[in-house]
Ligand code: CP
């Protein structure tokens with residue numbers, strides 16, 4: 001079934017039917033990936049534009065395209081592109097669309113993805129726009145939740161850390177809102193609580209949520225979704241230093257606990273390495289799931305799945 005949109009900028013544009021179709025195609029892509037390479041996207045070119053740092057999103061988009069037989073053009077860092085000379089995002093999209101068949105872009109400004117999509121003549125995917133959205137991360141998070149738990153409905157989800165600027169938790173909250181009987185425990189310092197745009201969505205959809213500042217409130221959930229306090233979102237570095245390691249999850253917190261631990265990564269100390277060997281630790285498997293999910297999105301948006 002083709003997706004009913006050309007560009008993916010936000011999880012708010014997805015229905016449950018779209019989401020489940022993406023997860024279904026991603027599961028097929030996992031098989032393609034384990035078998036080796038396919039030529040489904042042979043002759044197609046992905047422009048991978050990363051104007052903000054990335055390891056997982058960029059490399060998983062690029063390997064996804066290569067594993068489907070396509071090619072990749074890449075640009076990184078605003079200072080090495082003509083955006084630095086003052087070219088607009090709209091003109092950049094006009095140009096890149098003449099060189100590539102599909103575009104994935106990460107940019108530090110919230111709203112840049114909408115601007116780019118409105119100007120792009122080829123399919124455009126938001127790979128993270130500042131503190132805005134990160135829809136492909138949310139889809140791989142959902143794929144991971146389904147894979148680890150065998151279902152998504154009726155789960156208790158605890159989110160911990162920087163809920164204010166964390167685009168992954170914003171995108172995932174909207175996506176989980178499509179499922180039944182989900183409840184959220186939101187754990188953050190007062191300065192980094194979930195923004196009103198997300199809590200008003202919970203209220204509007206009658207989704208149960210509680211706010212806490214102690215990580216203990218999340219240890220009996222089904223999923224404990226840890227996040228990093230993001231240095232790059234703070235104008236005042238002393239504020240960042242004060243808040244950065246308020247929550248440090250270690251193996252001792254997880255003794256006799258069944259909770260599955262996720263994190264979009266990178267981590268910068270908020271999960272101790274002694275958690276890595278526990279069966280609860282799903283975060284590296286989660287990062288690996290970015291490949292089949294992005295393979296599915298590239299193929300679907302190019303009308304080839
Ligand atoms: N999760 C995520 O977006 O990681 P990168 O910043 O490394 O892409």
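Nothing in this text is a laboratory measurement; each read-out follows from the coordinates by a stated rule. What you see is a predicted model; the values in this text were computed from it and never measured. Note: ideal-geometry Cβ built from the backbone for every residue, glycine included; neighbour counts use all protein chains shown.
Computed values, structure above
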quantity: Difference of contour (0.36 nm per residue) and Cα-Cα distance, residue 278 to residue 191; calculated: 28.2 nm
quantity: Principal-axis tilt of helix 56-67 within the chain, Cα atoms, nearest 10 degrees; calculated: 40 degrees
quantity: Convex hull of Cα atoms in the stretch 9-122, direction-averaged projection (nm²); calculated: 7.6 nm²
quantity: Top of 39, 222, 162 by mean-square fluctuation, Gaussian network on the chain, Cα under 10 Å; calculated: 39
quantity: Proxy reagent accessibility, fewest Cβ within 10 Å first, across 5, 50, 61; calculated: 5, 50, 61
quantity: Whole-angstrom gap from the stretch 1-32 to the stretch 183-243, using each part's C-alpha centre; calculated: 27 Å
quantity: Per-residue [θ]222 nm for the chain (sum of -39500 (n - 2.57) over DSSP H runs n ≥ 4, rounded to 500); calculated: -10500 deg cm²/dmol
quantity: Calculated P(r) of the stretch 60-115 - Cα pairs past 12 Å, %; calculated: 71 percent
quantity: Cα-based convex hull, the stretch 78-212, per residue volume (Å³, whole number); calculated: 132 Å³
quantity: Viscosity 1.306 mPa s, 10 °C: Kirkwood-radius Stokes-Einstein D of the stretch 181-270 over Cα pairs, µm²/s; calculated: 110 µm²/s
quantity: Dimensionless Rg ratio for the chain, taking C-alpha atoms and the 2.2 N^0.38 Å reference; calculated: 0.97
quantity: Highest-MSF residue in the chain out of 249, 224, 278 [GNM, Cα springs under 10 Å]; calculated: 278
quantity: Residues of the stretch 172-187 with amide N under 17 Å of a point placed 7 Å along Cα→Cβ from residue 233; calculated: 172-175, 185-187
quantity: The stretch 135-287 - Rg and Dmax from Cα coordinates, angstrom; calculated: 14.4, 42
quantity: Descending semi-axes in Å of the stretch 1-62, equivalent ellipsoid built from Cα gyration tensor; calculated: 21, 19, 13
quantity: Choice from 86, 77, 130 showing the highest fluctuation, given a GNM over the chain with Cα pairs closer than 10 Å; calculated: 86
quantity: Segment residue 110-residue 267, extension gain: residue separation times 0.36 nm, minus the distance between their alpha carbons; calculated: 54.3 nm
quantity: C-alpha long axis of helix 16-35 to longest principal axis of the chain, angle in °; calculated: 80 degrees
quantity: Projected label distance in nm at residue 76 and residue 59, using a 7 Å step from Cα toward the beta-carbon; calculated: 1.0 nm
quantity: Acute angle (nearest 10 degrees) that the helix 290-301 long axis makes with the longest principal axis of the chain, alpha-carbon atoms; calculated: 40 degrees
